[in-house]
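The values are calculated or read from the model by the stated rules, or taken from the named source; none is laboratory data. Remember, it's a predicted structure, so these values are computed and weren't measured experimentally. Cβ sites come from the backbone with ideal geometry, for glycine too, and all protein chains shown count toward neighbours. All accessible areas refer to the heavy atoms of the entire protein, side chains included, with ligands and DNA or RNA removed. Shrake-Rupley method; radii C 1.70, N 1.55, O 1.52, S 1.80 Å.
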Amino acid sequence: PQERDEIYQVLEPDDRQSGWRNRTYLAKYDLASGIMQPLTFGYRNIWSSDISADGKKMLFMESHTRLEKRPTTLYSLYMMDMDTMQVDTLVENDGFLNSARFSPCGSLIVISGSPEALEGIGKNVKEGQTPSMYDYQLYLMDLESKKIRAVTRDFNPNVGSILWSRNDNQIYFTAEYKDMINLFRLNPASGKISRIKTQEDLVK
């Protein structure tokens with residue numbers, strides 16, 4: 001029905017916020033021709049997570065709410081072929097995902113999420129305990145086999161920003177521990193993590 005000024009529909013608590021129902025979508029803009037091509041559409045928020053080094057594939061995420069039980073927000077991770085527009089679902093309806101990035105070769109991705117992400121393979125607490133949703137961990141997924149490894153399961157600090165270097169194929173990330181943010185290097189092949197010594201206690 002037509003909207004009326006004196007009636008405001010509230011489907012969930014956040015509907016009380018102005019602009020809550022605004023949605024984002026993805027489009028590809030060709031700098032040479034000036035043509036913009038929509039890539040996604042719909043009533044759910046979509047955002048880009050990463051683009052492969054050769055520009056042929058894109059990782060993007062989608063979120064929607066489910067208020068009936070924890071977690072109340074669910075995320076899905078997809079990979080799009082930029083030539084064919086074909087979409088591959090990598091992770092669906094996981095409430096504990098944060099982000100994802102391609103490896104330099106494009107055959108692996110590193111996923112950031114809390115310990116309960118990906119069916120809880122990163123959990124390292126006692127039975128019956130609930131891990132912190134803000135204790136972000138790293139997971140490696142092989143895009144061909146879809147197999148996933150929890151590479152920071154026994155790593156105590158909380159993972160922050162991530163960069164997968166094209167120069168040495170190592171993953172560099174910041175991690176928060178107590179009142180410090182340090183810099184670390186992860187070898188994706190062996191899973192070995194080493195701290196990079198810096199003079200500062202807070203590294204961004």
Take the conditions within 30 Å of Pro188 (Cα to Cα), in contact with a Leu (Cβ under 8 Å, 6 or more places away or on another chain) and not in a loop (DSSP other than H, G, I, E, B) and apply them to Leu74. Does it pass? no
Cβ-Cβ under 8 Å pairs, at least 6 apart or on other chains, the range 2-23 side more than 22 Å from Phe41 (Cβ to Cβ), far side basic (Lys, Arg) and exposed (fewer than 10 other Cβ atoms within 10 Å of the Cβ): Val10/Arg16
Residue pairs within 6 Å by beta carbon, gap of at least six or interchain, first lying in the range 122-142 and under 28 Å from Ser107 (Cα atoms), second open to solvent by 80 Å² or more (accessible area, probe 1.4 Å), listed first then second, are Gly122/Arg153; Asn124/Arg153; Leu140/Arg149
Positions within the range 158-187 being assigned to a loop (DSSP other than H, G, I, E, B) and either in contact with a Ser or Thr (Cβ under 7 Å, 6 or more places away or on another chain) or open to solvent by 20 Å² or more (accessible area, probe 1.4 Å) (or both), in sequence order: Arg166, Asn167, Asp168, Asn169, Gln170, Lys178, Asp179, Asn187
Could you pull out the residue among Glu68, Glu12, Glu92, Glu62 that is open to solvent by 70 Å² or more (accessible area, probe 1.4 Å) and more than 17 Å from Met141 (Cβ to Cβ)? Glu68
Would you confirm, using the coordinates I've provided, whether Ser145 is touching a Leu at 6+ places or on another chain (Cβ under 8 Å) and under 21 Å from Leu90 (Cβ atoms)? no
Any hit, the range 112-122, residues being assigned to a strand (DSSP E or B) and under 12 Å from the mean Cα position of the chain (by Cα): yes
Pairs only if they're at least six apart or on different chains, beta carbon under 9 angstrom, first in the range 187-204 and farther than 14 Å from Tyr172 by Cα and of a type outside the set (Val, Ile, Thr), second open to solvent by 100 Å² or more (accessible area, probe 1.4 Å) and assigned to a loop (DSSP other than H, G, I, E, B); list them, first residue then second. Asp201/Asp179; Leu202/Asp179
Name the one entry in Ser132, Ser114 that is under 29 Å from Pro71 (Cα atoms), open to solvent by 40 Å² or more (accessible area, probe 1.4 Å) and of a type in the set (Gly, Ala, Ser). Ser132
